[in-house]
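What follows draws every value from the coordinates through simple rules; no lab data is involved. Since we're looking at a predicted model, the values are computed, not measured. Ideal geometry is used to build each Cβ from the backbone, glycine not excepted, and the neighbour counts take in all protein chains shown.
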Amino acid sequence: MANSYEELRANIELALDKEFRQKLLAKGQSRAMIWREGVLPEDAPRYAPRLSEDLLSFGYSLLLHAIRFIEAGGNTINEEKTVHDAFEVAAEAIEAVVVNGNDNVDRDFHRLVAASSYHIGRFSARAFSILTYERELGNLSIIENALSKLILRRLDSLNQDVNLWLSNEAVNDEALLAPLVAQQSMLFEEDESKRQEDALVEVIIRTLDDNFMKGMALFILALERGQPIFVEQALARLREGLSVANSENLVTQWWIHRLAIHLVDGLWNTSFHTRLPPPSSGGGNWEEMRTVFISSLYRRGKSEIELWPSQLEAASKAFYLDSNLVLSLPTSAGKTRIAELCILACLAGGKRVVFVTPLRALSAQTEVSLRKTFRPLGKEVSSLYGAIGAPLADINALRTKDIVVATPEKLDFALRSSPELLDDVGLIVLDEGHMIGMNEREVRYEAQIQRLLRRADAAQRRIVCLSAILPDGEQLEDFSAWLTADKDGGLVKYDWRPTRLRYGEIAWNSLTETAKLEITVGEPNPFVPKFILGKKPAKGRARKIFPSDQRELCIATAWRLMEEGQTVLIFCPLRKSVLPFATAIIKMVERGHIHSVLQVPLSELSTALLVGAEWFGKDHDILKCLKMGIAVHHGELPTQYRKEIERLLREGILRLTVSSPTLAQGLNLAATSLIFHGLYRNRVLLDVSEFKNVVGRAGRAYVDIEGLVLYPMFDNQQKRREDWKSLIDNKKSREMESGILNLLVYLLGRMWEKLGKPNVDVLLNYVMGQASWDCHVIDAERSEEEAKTWDGYLASLDTAIFSLLGDFEIADANVEGALEKVLTSSLLQRRLRRWEPDTAQVILGGIKARAKFIWSRSTPIQRKAYYLAGLGFSSGRKLDDASSMLEESLSGAADAMAEGDHEKAIDYIVQFSRIAFRIPPFIPDKLPTDWEISLRRWLNGESLAAGAAIGEDNEEAENLLDVSASLVESVFAYNLCWAMEAVRVRAGVYVDPFSELPQISFSSAAHVVTAVENGTLSISAALLMRAGFKSRLGAIAAIKSTGASFHNQKDMQSWLASPLVSDFSADENWPTVDSRALWLDFISIVSSDEAKTWGTIPYRVNAQWYGQPPPPGTHLVLGRSIGSHRAVCSM
């Protein structure tokens, strides 16, 4: 046996080699992927008869080596990876035997040992998952059960077990010794010696159990109080128990004590108590906020008490308030927790926080998550992710709320008009901060960040960037240096993820009418020849075999996986492919091929079904799928319905999700298995960075040990397999080139080609001189397409120029110098440093020349208007040309709303829309021919579902409803509202204080925007919806029936508390029959008296002691009865 440090290390390194013992571990994992209850599928690969025994022997030996290596001094930073790898591999070897394996008397003990090994190796999420996989542990002793509950973070339950044990009279000293005393009192007989020995062992085991439970009591106290002395005392007891177990050769007790020692020590060393700065180190309100933050996480259903390996380095930098941070961690590796620590530090310093997310759907998820964490600290979280623009409510939120969640467009629009809104903001978090590129949003984002970095007060504000897919190399160096102002240590990049990831394919064989599953693990790769069997319809007149196409094969794969208890996510690269999945699933159910996967009462879905019915009608396939436990999700779902679906997914109620590309943009949807419907979007193979971001959704921390990513291949299998392999093997990360740089390269490159590819000097002279900024057509056959691309890129460049230069009064002669100054240390400038100087000069000359071109053809007031409206030069001029008609329409709508003439107001809004939808960037991507009818119905407060007759096979009507919902979310609530805000701010720039003509007021125009966004001209109803009432029709009915009129939150609260509303609420059919349940939910939330804020209150009491009192400083725990509150006090 190895004894020395060097011998132990050498043995461990040998065992970690993937080739060790003819790839023993790979074989075990290969088998574990496909066997069930210890039985392999028919025609599956064959494995050695003694594979399980070999794996257990290997796993326990490596685990012991790892423990001894730590105890020999191997637990150092230099050896950290070796140590963690050893514990991980040891756990994987044991896991390969017990997960899906034979059920026997030792299986639960092996699971516990594997979980402990994972935990000591810093894979606490896998440790949790292996203990809850398939079923709860059952065949465990008292101390084994205690250790499992510590790993599972069921600390309340563990505390109850400890209390029961310590209060049990059967385990006091006298009771523990009773069996031994009874044996000693008997007359000595030869056959009694064995009984006496057994009695002694029983006493020792019970004494060890008692000592172990007291150690757990001390550790729980340490986690509650944050005091290391209790950890030291707990470890002392465990070491004492280990010594006794060793001397008495009690093997299972020896393992449990030894594992517990390292688990407790490691858990404490990574706990918030240890890793967060001590209470005395921070100013402001740090001590109390730190205490409440740790306590509230501890009191969650699954106690959250420590940091993962991926979080440790970043957590140490979370409190460097004067340094920006770029954090790159894989999906599900804990970025949000680091953001929470940064937020905690900022709030403790008395500053506010802005959290920026790229999607409205992601903003909604983030808002829920942050409220859960920071509401106990008494902090308000608000969101700005509705229509683009900055209505008064959003301005007030940005000015007052502790944490504001916003999309980049929302924040940018608000700051253009009111840059002082950030004056007391100490932290800006950029979630999915890799959003750098050539499209309009990405270019705006890059310019927005540069503007933030160039603010005069930038040093008073921290920026933290979060991403899962940042590249390596020069692009990352320049990106992180840009955001961190060249400070060392500002980048933290870690590849650790809490779950394993496996890839596989499902290949359909049309001859055998079966599909084969093959998973990539090692040699041999496991496979199941008949993973899916073709089925003939059990119902109806159809005769086709199921599956009969790519979509149906994805559906069949999903149901096969769900039969094994997995949750599944189907990814559709195209948004338009999502709804057809719902339709196909319904057809497959009707034919008897598949069945409902809902495992909870239908009442659990009632809120989502009510909200969805208002939008889609009760019989839409989206809702039919929901009733079967299936979520159909995409970014253009109605906001309230999407929020409900995401809530059901968070709560684990829905087992299958069909999702659109929003999944790749950071939306937090995850499942055990991920199925790709296809790998192409618009005939272009998915970008590898998007592929990796989507793949990260497979495998849920604290649920799954590993995630499985599958690609079903119904036809064209050779091509599909080549594409699949190319994406898996591609090590390339996301392109992080400056989008502004790429725009200039494209535009100048077209000029260079048109000029006949001259040398650099000629091109520079042309660009800086009389360059034409009209489209330079190269291919006459593609002139229309080229012109569209050119105009789009030029508009994005112009928008970036306005964004960078702001609304400063810059003379024509000074524009080059001003631009050069604002680009100092920009991402563009940093990237150009790596180019040839002559080429870099041309590119910088290009942006300067374009700025001069704009300045020479515009006035200061025009440029200010374009900047505030978020427009480029061409779009701004088109807005100028149509401004009188647009302002007249917007003002007329506002006046008509104020007068209560809703029909006239709608006419004005429709008139405004006709004009605005012809001006880029307000032109919708797709606009149905009957969009005006939909807009009128929407503004009139009518149900979009009421106009469509949903029949049994009425796919056209269902598609119409889906289009209508998308029209509201993407066109009315985004394009149209942006156009209105642009017209409003432009009018504000051109306002003439001496004019007698009508002017557009801020509040009246904002009311029109609110009407368009919420689908009602009743501002009171819109406020009800914004406050959380999930029924648009119910809100309109409630206001109409009560004659209410309020325009702010305070008046709304007074109305809700009025006797009038109380009387109406007693009517079981009010506000409407369909919205009744939603109304009751709403008023229960807004009227709740439940305390949201936690705090610490000191008490001093005089105690009367019976007998000798404990010494001063002793901690006394009060309230040991089950279900009672614990109080810990100091003598």
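Taking +1 at the Cβ of each Lys and Arg and -1 at the Cβ of each Asp and Glu, which of Ser726, Tyr118, Gln1108 sits farthest along the dipole of the chain towards its positive end, judged by Cα position relative to the Cα centre? Projecting each Cα onto the dipole axis, the largest value belongs to Ser726. Between Ser383 and Val405, the built amide H atoms are under 5 Å apart, and every one of these is 5 or more places off in sequence or on another chain.
What does DSSP give for the chain in terms of the percent of beta bridges that are antiparallel, rounded to the nearest 5?
In the chain, DSSP labels about 30 percent of beta bridges as antiparallel.
Each of Val777, Thr929, Trp1055 was scored by the projection of its Cα onto the charge dipole of the chain, and the greatest displacement toward the positive side belongs to Val777; charges sit on the C-beta of Lys, Arg, Asp and Glu. Near Val425, the amide H atoms lying under 5 Å from its own belong to Arg352; only residues 5 or more places off or on other chains count, and H is placed 1.01 Å from N. Over every Cα atom in the range 273-493, the radius of gyration and the widest Cα-Cα span, Dmax, amount to 16.5, 48 Å.
Over the range 1-139, what is the relative contact order in whole percent, taking alpha-carbon pairs under 8 Å and six or more residues apart?
On the way: 163 pairs, mean separation 35.3, N = 139.
It rounds to 25 percent for the range 1-139.
Phi angles of the range 117-125 translate, via the Karplus equation with coefficients 6.51, -1.76, 1.60 and θ = phi - 60°, into HN-Hα couplings of 5, 4, 5, 5, x, 6, 10, 5, 5 Hz per residue; Gly and Pro are given as x.
The C-alpha atoms of the range 1-139 occupy a region whose extents along the principal axes are 47, 32, 22 Å, arranged from largest to smallest. Fewest neighbouring Cβ atoms within 10 Å first, the residues Thr373, Thr1042 line up as Thr1042, Thr373. State the percent of C-alpha pairs, over all pairs in the range 811-890, separated by a distance greater than 17 angstrom. Summing the P(r) tail past 17 Å for the range 811-890 gives 57 percent.
Computed packing ranks the peptides 611-619, 2-10 as 611-619, 2-10, most packed first, by mean other Cβ atoms within 10 Å.
Hey, fewest Cβ within 10 Å first, where do Val589, Val83, Val578 land in order? Kindly include the intermediate steps, with their values, before the conclusion.
On the way: Val589 16, Val83 21, Val578 24.
Starting with the residue having the fewest Cβ neighbours, the order is Val589, Val83, Val578.
For the chain, evaluate the Debye formula with one uniform point scatterer on each Cα (no solvent term) and list log10 I(q)/I(0) at q = 0.06, 0.08 Å⁻¹, rounded to two decimals. Log10 I(q)/I(0), no solvent term: -0.57, -0.99.
Rounded to the nearest 500, the helix-only mean residue ellipticity at 222 nm of the chain stands at -17000 deg cm²/dmol, with each DSSP H run of n ≥ 4 adding -39,500 (n - 2.57).
In order along the range 65-70, the phi-based Karplus estimate (6.51 cos²θ - 1.76 cosθ + 1.60, θ = phi - 60°) of 3J(HN,Hα) comes to 4, 5, 5, 5, 5, 4 Hz; Gly and Pro are listed as x. Between helix 739-754 and the chain there is an angle of about 50 degrees, using the helix long axis and the longest principal axis of the Cα atoms. Its Kirkwood hydrodynamic radius, worked out from the mean inverse distance over all distinct Cα pairs, puts the range 381-518 at 18.0 Å. For the Cα atoms of the chain, what angle does the longest principal axis make with the long axis of helix 20-34, in degrees from 0 to 90, nearest 10? Tilt of helix 20-34: around 70 degrees.
Taking the range 789-876, which chymotrypsin sites (Phe, Trp or Tyr not before Pro) meet the DSSP loop condition and have no more than 16 other C-beta atoms within 10 Å?
When the chymotrypsin sites (Phe, Trp or Tyr not before Pro) of the range 789-876 are filtered for loop state and at most 16 Cβ neighbours within 10 Å, Phe808, Trp835 remain.
Rounded to whole numbers, the Karplus 3J(HN,Hα) couplings from phi for the range 461-478 are 9, 9, 10, 10, 9, 10, 7, 9, 9, 5, x, 9, x, 5, 4, 5, 4, 5 Hz, using 6.51 cos²θ - 1.76 cosθ + 1.60 with θ = phi - 60°, and x at Gly and Pro.
Relative to the dominant Cα principal axis of the chain, helix 860-869 is inclined by about 40°.
Report, in debye and to the nearest 20, how large the dipole of the range 832-889 comes out about its Cα centre when Lys and Arg carry +1 and Asp and Glu carry -1 on their Cβ. Mind showing how you got there, number by number?
Details: 10 positive and 6 negative charges, 67 e Å.
Taking the Cα centre of the range 832-889 as origin, the dipole is about 320 debye.
Look at the dipole of the range 500-729 built from charges on Cβ: of His595, Leu648, Ile545, the Cα furthest out on the positive end belongs to Ile545.
Magnitude of the Cβ-charge dipole of the chain, K/R +1 and D/E -1, about the Cα centre, nearest 20 debye?
Dipole of the chain, to the nearest 20 debye: 880 debye.
In this structure, the amide hydrogen of Ala701, modeled 1.01 Å from its nitrogen in the peptide plane, lies closer than 5 angstrom to no residue at least 5 positions away or on a different chain.
Restriction of the trypsin sites (Lys or Arg not before Pro) in the range 32-111 to DSSP coil positions whose beta-carbon has at most 12 other beta-carbons within 10 angstrom yields Arg46, Arg50. Note on the range 1-139: with charges restricted to the Cβ of Lys and Arg (+1) and Asp and Glu (-1), its dipole about the Cα centre is near 160 debye. Measuring nothing but how far apart in sequence close Cα pairs (under 8 Å, 6+ apart) lie, relative to its length, the chain scores a relative contact order of 10 percent.
If you plug the beta carbon distance of Glu651 and Glu477 into 1/(1 + (r/R0)^6) with R0 = 35 Å, you get a FRET efficiency near 0.25. Note that the range 739-857 carries a Kirkwood radius of 14.8 Å, evaluated over its alpha carbons pair by pair.
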